[in-house]
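Have a look at the structure below before the remarks.
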DNA sequence: AGCGAGTGCTTGGTATACCAAGCATGCCCA
DNA sequence: TGGGCATGCTTGGTATACCAAGCACTCGCT
């Protein structure tokens, strides 16, 4: 059922985030309350973590659980309830901010997109 | 880790929703691609369904997966109380962006304020 | 009554999520 | 050179999520 691929990608995403936060396997594992080998295996896509494990990992990495769920393909929707559908709120707000120069806007949006994991 | 109580409540919620949709265990189970005994046990709080099972059940009951995840206590409630007027649009948008971690939000806002200061 | 089809539940078993202990390698400092 | 100490990984085992088969019951129908 699980698409295999999603899980693999999820693992890589987690590893990336962990390295980005400059933390070791054991550090994250301890905070997330899982064993370090298991975390390792998750990162390599060998096992599919259950939901509460995912939540723990998200907490340890200080990223939102929703993000991980979405990455794992467990949430169908990109929650885009209000306003504009094509563009995220943040980008829209940045673009329309009169106090920012064009270069600054570009930089900010760049950082923002970087954070989203792309 | 899982609060026991949440899982019990989740099960009752699922059963309620199922009855409300006037469906039998087997019907929902088939659509959700789980066995009917297992679904029964989930409804009685005996087992904690994994995330993809939850997603399947949500689909079968035509309710959003997010709702179930929230019920299961897997998503911390975002509860974005809207609009503070004194705050710039950009900061507000950043703070309420579900895809950003707290640290990332802090960083982004930091960059933004830095730009305004120069 | 008797049966057929519906309901939810119990039970034995299998697959897999998850862990404790330990291995292998690399880095630092005496 | 060699012993701590950190890193990520392997392995054997346990707990539990999940299923197939079947039980006990109820409700219409004839």
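Tell me whether segment A:46-53 contains one or more residues that are more than 19 Å from residue A:74 (Cβ to Cβ) and out of contact with any strand residue (DSSP E or B) (no Cβ under 8 Å at 6 or more places or on another chain). Among the residues of segment A:46-53, not one is more than 19 Å from residue A:74 (Cβ to Cβ) and out of contact with any strand residue (DSSP E or B) (no Cβ under 8 Å at 6 or more places or on another chain), which makes the answer no.
For the structure I just gave you, tell me whether residue A:53 is within 27 Å of residue B:107 (Cβ to Cβ), near DNA strand C (Cβ under 9 Å from one of its atoms) and under 16 Å from the mean Cα position of the chain (by Cα). Yes; evaluated as a whole, the condition is true for this residue.
Please verify whether segment B:13-20 includes one or more residues that are more than 10 Å from DNA strand D (Cβ to nearest atom), in a helix (DSSP H, G or I), within 24 Å of residue A:47 (Cβ to Cβ) and free of Cβ contacts under 8 Å to residues at least 12 places away in the same chain. For segment B:13-20, residues more than 10 Å from DNA strand D (Cβ to nearest atom), in a helix (DSSP H, G or I), within 24 Å of residue A:47 (Cβ to Cβ) and free of Cβ contacts under 8 Å to residues at least 12 places away in the same chain: absent. Out of the residues in segment A:21-38 that are away from chain B (no Cβ under 13 Å) and in a loop (DSSP other than H, G, I, E, B), which is farthest from the chain's Cα centre (by Cα)? For segment A:21-38, the residue satisfying everything is A:35. As a summary of the residue check, residue A:75 satisfies the conditions (1) facing chain B (nearest Cβ under 10 Å); (2) away from DNA strand C (no atom under 14 Å from the Cβ); (3) under 10 Å from the mean Cα position of the chain (by Cα) except for the one numbered (3).
For segment B:19-43, which residues satisfy the criterion of being within 8 Å of DNA strand C (Cβ to nearest atom) and under 15 Å from residue B:71 (Cα atoms)? The one that is within 8 Å of DNA strand C (Cβ to nearest atom) and under 15 Å from residue B:71 (Cα atoms): B:43.
Let's see how each residue does on (1) at pLDDT 80 or above; (2) in a loop (DSSP other than H, G, I, E, B); (3) under 30 Å from residue A:49 (Cβ atoms); (4) more than 12 Å from every other protein chain (Cβ to nearest Cβ):
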residue: B:40; (1), (2), (3), (4): yes, no, yes, yes
residue: B:48; (1), (2), (3), (4): yes, yes, yes, no
residue: B:52; (1), (2), (3), (4): yes, no, yes, no
residue: B:70; (1), (2), (3), (4): yes, no, yes, no
residue: B:79; (1), (2), (3), (4): no, yes, yes, yes
residue: B:82; (1), (2), (3), (4): no, yes, no, no
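Among the criteria (1) more than 16 Å from the chain's Cα centre (by Cα); (2) within 9 Å of DNA strand D (Cβ to nearest atom), the one residue B:60 does not fulfil is (2).
The values are calculated or read from the model by the stated rules, or taken from the named source; none is laboratory data. Only a predicted model underlies this, so the values are computations on that prediction, with no experimental measurement involved. For neighbour counting, all protein chains shown are included, and Cβ atoms are generated from backbone atoms with ideal geometry for every residue, glycine included.
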